[in-house]
Amino acid sequence: MREYELVIIGGGPAGLAAAVAAHEAGLRDILILERDNELGGILNQCIHNGFGLHTFKEELTGPEYAGRFIEQVKKLDIPYKLNTMVLDLAADKTVTAMNREDGLFQLHPKAVILAMGCRERPRGALSIPGCRPAGIYTAGTAQRLVNMEGYMPGRKVVILGSGDIGLIMARRMTLEGAQVQVVAELMPYSGGLKRNIVQCLDDYGIPLKLSHTVVDIEGKKRVEAVTIAQVDGNNRPIPGTEERYECDTLLLSCGLIPENELSRSAGVELNPITNGPTVNESLETSIPGVFAAGNVLHVHDLVDYVSEEAGAAGRQAAGYIAAGCREEEHKALPIKCANGVRYTVPVAIRPGAAGDTVTLRFRVGNVYKNKKVAVYAGDACVFSRKRPVLAPGEMETVILKTSLLTDHPEADGITVTLEEA
Amino acid sequence: MEEKNLICINCPLGCPLTVTLENGEVKAVAGNTCPRGEAYARKELTNPTRIVTSTVKVRGGTLAMASVKTAGDIPKGKIFDCVKAIQDIELPAPVAIGQVVLADVCGTGVDIVATKNVPVKG
């Protein structure tokens, strides 16, 4: 097996954008490994529109958005292997993978980009009481069945969780003739984008019940009924609020988890909040030369931001290889999250290694109104912006001028916080 | 004067819009961060439209289905007619992104176009 300087694990939106950017940065020796039988990842089943407004200034569907990047990868002649499963990543960046043509093989790249994406939280991880009949799907599984395989998973549907995929599937199932009775959300706010609540639920008169969860699933072979109940401030069901819905299908849209088995086996340090690798401003993980981008790093709302982040990872990986895989020592400023900020990506910034700007992405832990996002270098406020509404379902981005950090050489750390506006 | 609150659906930002109406006529739109927000508010209160996306069957392709969309937005009231009109379509492979699958769906003047490349199998 010939060796490659850069191996990208995953041929979805992150992997594709990383490959294109690394190529544009001058790197020619790139290989993408993809486990599915085509490039594009999850975008292939996201047939709805709304992708690409930032990247292409037009509104595309998922397959079209993926198609743009696949075209570039093919035009640039960047090699990729489909139907290829990466089995292991070692701390020395040895990639062990297999497919039908090559059998089991190992690669020893100079740099690796983790672009494995994420997966859905399944029923087993949700502790839902009740029977275990057929008819319980994650929303993404149902999406694949309807949009790619051409099967309808059910006719009378209840959806638990108001993540974007659940909202999108509420509309999709309705258009295909199913009766979507209710979307129940445990939290007092939706986990999905506002526009999806408008155009996927409101448009079709599908009720969204906040602070509600499933307390029973009935059915021996197939789901026959689902009971939901309101929950109190501690997420405990309130007796007497139960409502029983006769249905044959329960869809789960209860969060996405970055898929980091390979990162873990390599010994890459993970952030317990995001379940993704901890990275510095260069999107480099705790292992030098191993970079991460996209939903494997932290779950994004918009693929446009995945592409942007992955492009940066691609350029960084190309730069790392061009510099002979050596990195200078730079002072790192760890980022502390305060006052409702749940996490940041990156977790540390090395001003000496950063370009002109550093992109900080983060999420808040609750719905906040009339706040100010503020960034401090040590005790000095270097950035602040008013935000009328902040919600956990919407990722926040701050683009920080690196000079603002180098102006404060005394600072030992950075704090990202919310303040009264 | 009457005020209506809308959420702009043009892009995932979802700007909260406040529309001031006088005798059913839009007088002012606030809360939008781009001109598309104002256009959306005016349209949503007079003639709401949506892009519709779905799938059609493919014969002899590497994939069983190809995704499709309305090339532009269509009146909200025609969404179900539109989905019905494409439900029995079966395309022979190959299918190319942008290919017209059904012209002038339901008299809207808008075409249904493919959004996925499906090569011939084998």
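The values are calculated or read from the model by the stated rules, or taken from the named source; none is laboratory data. As the structure is a prediction and not an experimental result, all values here were calculated from the model. Reconstructed Cβ throughout: ideal geometry from the backbone, glycine too, with neighbour counts over all protein chains shown. What goes into the accessible areas is simple: the full protein's heavy atoms, side chains included, and nothing from ligands, DNA or RNA. Shrake-Rupley method; radii C 1.70, N 1.55, O 1.52, S 1.80 Å.
List of remarks:
- Residue match in segment A:86-94 (condition: over 24 Å from the mean Cα position of the chain (by Cα), within 16 Å of A:Ile9 (Cα to Cα), open to solvent by 10 Å² or more (accessible area, probe 1.4 Å) and of a type in the set (Asp, Glu)): yes
- Qualifying residue in segment B:73-87 (condition: facing chain A (nearest Cβ under 9 Å), modelled with pLDDT of 95 or more, out of contact with any Leu (no Cβ under 7 Å at 6 or more places or on another chain) and assigned to a loop (DSSP other than H, G, I, E, B)): no
- Residue among A:Leu43, A:Leu60 that is within 12 Å of chain B (Cβ to nearest Cβ), without any contact (Cβ under 8 Å) to a residue 12 or more places away in the chain and among the hydrophobic types (A, V, I, L, M, F, W, C): A:Leu60
- Test for A:Val279: is it over 24 Å from A:Gly355 (Cα atoms) and among the aliphatic types (A, V, I, L, M): no
- Enumeration of residues in segment A:291-334 that are among the small types (Gly, Ala, Ser) and touching a strand residue (DSSP E or B) at 6+ places or on another chain (Cβ under 9 Å): A:Ala292, A:Ala293, A:Gly294, A:Ala310, A:Ala312, A:Ala313, A:Gly314, A:Ala317, A:Ala318, A:Ala332
- Filter result for the condition that a residue is open to solvent by 20 Å² or more (accessible area, probe 1.4 Å), more than 14 Å from chain B (Cβ to nearest Cβ) and in contact with a helix residue (DSSP H, G or I) (Cβ under 9 Å, 6 or more places away or on another chain), over A:Glu309, A:Glu281: A:Glu281
- Strands (runs of 3 or more DSSP E) contained entirely in segment A:1-75, each with at least 2 residues that are open to solvent by less than 10 Å² (accessible area, probe 1.4 Å) and modelled with pLDDT of 95 or more: A:6-9, A:30-33
Yes/no per residue for (1) part of a helix (DSSP H, G or I); (2) on the phi > 0 side of the Ramachandran plot; (3) without any contact (Cβ under 8 Å) to a residue 12 or more places away in the chain; (4) more than 15 Å from the chain's Cα centre (by Cα):
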{"position": "A:Leu262", "(1), (2), (3), (4)": "yes, no, no, yes"}
{"position": "A:Ser282", "(1), (2), (3), (4)": "no, no, no, yes"}
{"position": "A:Phe291", "(1), (2), (3), (4)": "no, no, no, yes"}
{"position": "A:Val306", "(1), (2), (3), (4)": "yes, no, no, no"}
{"position": "A:Glu309", "(1), (2), (3), (4)": "yes, no, no, no"}
{"position": "A:Ala312", "(1), (2), (3), (4)": "yes, no, no, yes"}
{"position": "A:Glu327", "(1), (2), (3), (4)": "no, no, no, yes"}
{"position": "A:Gly352", "(1), (2), (3), (4)": "no, no, no, yes"}
{"position": "A:Leu360", "(1), (2), (3), (4)": "no, no, no, yes"}
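- Candidate set: segment B:88-111, residues that are part of a loop (DSSP other than H, G, I, E, B) and closer than 16 Å to A:Thr61 by Cα; chosen: the one farthest from the other protein chains (Cβ to nearest Cβ): B:Asp111
- Candidates B:Thr18, B:Thr49, B:Thr33: the one that is modelled with pLDDT under 90 and more than 9 Å from chain A (Cβ to nearest Cβ) is B:Thr33.
- No other residue among A:Asn370, A:Asn339 is part of a strand (DSSP E or B), polar (S, T, N, Q) and open to solvent by 70 Å² or more (accessible area, probe 1.4 Å) apart from A:Asn370.
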